[in-house]
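Below is one structure; the comments refer to it alone.
The values are calculated or read from the model by the stated rules, or taken from the named source; none is laboratory data. Values in this document were obtained by computation on a predicted structure and should not be read as measured data. Every residue, glycine among them, receives a Cβ derived from its backbone with ideal geometry; neighbour counts consider all protein chains shown.
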Amino acid sequence: MKVLVLGAGQLARMMALAGAPLNISISAYDVNSDSIVHPLTQQNLGKGLANAIADADVVTAEFEHIPLPVLAQCQQSGKFLPGETAIKAGGDRRLEKQLLDAAGVHSAAYHIVNSEVDFNAAISKLGLPLVFKSALAGYDGKGQWRLKQAEHTAALWQEISAFLAADSSQAIVAEQFIPFQREVSLIGARNRQGEVQVYPLTENHHVNGVLSASLALPGNEQLQQQAQQMFTAVANQLNYVGVLAIEFFDVNGKLLVNEIAPRVHNSGHWTQQGADVCQFEQHLRAVCNLPLGSSSLVRPSLMVNILGEDTVPEQILAIPGLHLHWYGKTKRAGRKMGHINVSGATTAELKARFETLISLLPEQAFPELAQMAARLN
């Protein structure tokens with residue numbers, strides 16, 4: 001079985017590693033260079049999307065911000081899963097909000113802003129504080145503004161209007177600010193027969209808008225069931241095939257969708273060591289029409305992102321239950337360079353191992369991990 005992945009980053013790389021034991025061959029299309037590359041070695045395998053699609057049994061994607069002509073070409077092949085509609089919804093907050101409304105899934109109240117009239121209407125309709133998010137190309141905290149006080153309204157509109165003027169395809173989604181207790185995400189998969197498998201809810205900790213750590217533990221069954229119902233509603237609305245991630249705000253035990261990601265997701269990397277079938281293999285199973293695997297948590301696990309660092313202390317490899325995953329990238333400030341997975345037979349064992357890891361990592365490069373460790377009680 002041959003799978004072509006749109007995008008040649010670390011998610012394609014991890015799909016290739018997961019697919020090899022199943023005899024699934026992965027190639028990756030770099031949308032910036034029009035090159036086909038090997039996801040692990042980055043060896044150039046040729047140029048041109050048409051030939052790559054013709055050679056593949058299935059086409060899928062590792063990210064949402066794909067040029068529309070590329071999406072259309074892949075959709076026309078009849079091989080593209082989860083499909084053009086899902087990828088567009090993941091990359092455009094306007095379409096995402098329409099999708100959530102159609103699926104009957106709750107998210108923050110919102111108003112679309114294309115003009116100053118819309119901007120003022122959003123403030124009048126939703127009240128303050130507000131979060132303004134770019135409709136396109138916003139991720140890891142980029143393309144966002146906050147308005148907390150009315151006296152800052154004029155200055156913020158000047159900034160947003162300049163942003164809109166620079167790109168006619170852009171818009172702003174104004175959202176009511178949600179005073180949430182924590183951010184959680186659900187990774188799940190749906191196959192062509194409509195069967196669904198979801199992993200345990202994952203608690204996420206962000207630093208400066210970028211995911212720092214994700215923790216998977218046996219949790220609140222009511223919250224898990226709520227998340228699964230919302231996941232199933234969205235996946236069914238899209239007739240989705242593959243792995244889908246949904247990020248939620250936990251507001252006193254009620255979940256509100258923050259955003260969706262129609263692909264394997266950073267907050268699901270712990271599944272490589274914490275589940276029988278990781279999210280990367282699960283995605284390939286779904287799109288290749290193979291039976292879905294178990295998504296049960298086999299042991300308490302967590303993931304720590306390595307951001308902007310190309311080395312970590314070698315001593316961490318002596319910690320039992322620890323696995324280091326590098327992405328083979330060139331070092332750059334803030335860049336996702338790799339991740340660390342830690343597991344334990346019990347929550348207490350996981351906490352002890354995590355605390356040992358924290359003591360060995362430089363705090364400046366790995367801030368606020370102690371806050372996540374405190375959740376392990």
> Could you list, in sequence order, the residues of the stretch 197-229 that are more than 20 Å from Arg285 (Cα to Cα) and either buried (at least 22 other Cβ atoms within 10 Å of the Cβ) or among the hydroxyl-bearing types (Ser, Thr, Tyr) (or both)?
Replying inline: Leu201, Thr202, Leu211, Ser212, Ala213, Ser214, Leu215, Ala216, Ala227
> How many residues, within the stretch 122-157, are in contact with a strand residue (DSSP E or B) (Cβ under 9 Å, 6 or more places away or on another chain), over 13 Å from Gly209 (Cα atoms) and assigned to a loop (DSSP other than H, G, I, E, B)?
Replying inline: 5
> Restricting the search to the stretch 207-225, which residues are at pLDDT 95 or above and within 14 Å of the chain's Cα centre (by Cα)?
Replying inline: Leu211, Ser212, Ala213, Ser214
>> I want to confirm something. Restricting to the stretch 231-280 and keeping residues that are small (Gly, Ala, Ser) and within 18 Å of Phe180 (Cβ to Cβ), which single residue is surrounded by the most Cβ atoms within 10 Å (Cβ to Cβ)?
In response: Ser267
>> Can you tell me which of (1) under 22 Å from the mean Cα position of the chain (by Cα); (2) within 30 Å of Pro291 (Cβ to Cβ) is the one Gln193 doesn't meet?
In response: (1)
>> Suppose we filter Val264, Val277, Val257 for residues that are in contact with a Phe, Trp or Tyr (Cβ under 8 Å, 6 or more places away or on another chain) and closer than 27 Å to Asn377 by Cα; which single one remains?
In response: Val257
> Can you find even one residue in the stretch 158-168 that is within 22 Å of the chain's Cα centre (by Cα) and part of a loop (DSSP other than H, G, I, E, B)?
Replying inline: no
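One residue is enough: does the stretch 98-116 have a residue meeting the conditions part of a helix (DSSP H, G or I), without any contact (Cβ under 8 Å) to a residue 12 or more places away in the chain and within 20 Å of the chain's Cα centre (by Cα)?
Start the filter on the stretch 98-116 by keeping residues that are part of a helix (DSSP H, G or I), which leaves 98-103, 116.
After this cut, where a residue has to be without any contact (Cβ under 8 Å) to a residue 12 or more places away in the chain as well, the list is 98, 101.
Within this subset, residues satisfying the condition of being within 20 Å of the chain's Cα centre (by Cα) are 98.
Yes, the conditions are met somewhere in the stretch 98-116.
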>> Quick check on Ser124: is it modelled with pLDDT of 95 or more, surrounded by fewer than 20 Cβ atoms within 10 Å (Cβ to Cβ) and not assigned by TED's automatic domain parsing to the domain that holds Arg335?
In response: yes
> Which residues, counting only those in the stretch 308-347, are free of Cβ contacts under 8 Å to residues at least 24 places away in the same chain and among the acidic types (Asp, Glu)?
Replying inline: Glu314
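Working carefully through the options Val105, Val113, Val117, Val131, find the one that is farther than 19 Å from Val31 by Cβ and surrounded by fewer than 13 Cβ atoms within 10 Å (Cβ to Cβ).
On the way: Val105 fails: surrounded by fewer than 13 Cβ atoms within 10 Å (Cβ to Cβ); Val113 fails: surrounded by fewer than 13 Cβ atoms within 10 Å (Cβ to Cβ); Val131 fails: surrounded by fewer than 13 Cβ atoms within 10 Å (Cβ to Cβ).
Selected residue: Val117, the only one of Val105, Val113, Val117, Val131 that is farther than 19 Å from Val31 by Cβ and surrounded by fewer than 13 Cβ atoms within 10 Å (Cβ to Cβ).
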>> Here is a list: Leu350, Leu357. Which entry is more than 22 Å from the chain's Cα centre (by Cα), surrounded by 19 or more Cβ atoms within 10 Å (Cβ to Cβ) and over 25 Å from Phe280 (Cα atoms)?
In response: Leu357
> Here are His265, His269: which of them is in contact (Cβ under 8 Å) with a residue 60 or more places away in the chain, closer than 23 Å to Cys288 by Cβ, in contact with an Asp or Glu (Cβ under 9 Å, 6 or more places away or on another chain) and not polar (S, T, N, Q)?
Replying inline: His265
> So which residues in the stretch 321-377 are of a type in the set (Lys, Arg) and not in a helix (DSSP H, G or I), if there are any at all?
Replying inline: Lys329, Lys331, Arg332, Arg335, Lys336, Arg375
> Out of the stretch 323-347, which residues are farther than 19 Å from Gln10 by Cα and surrounded by fewer than 19 Cβ atoms within 10 Å (Cβ to Cβ)?
Replying inline: Ala345, Thr346, Thr347
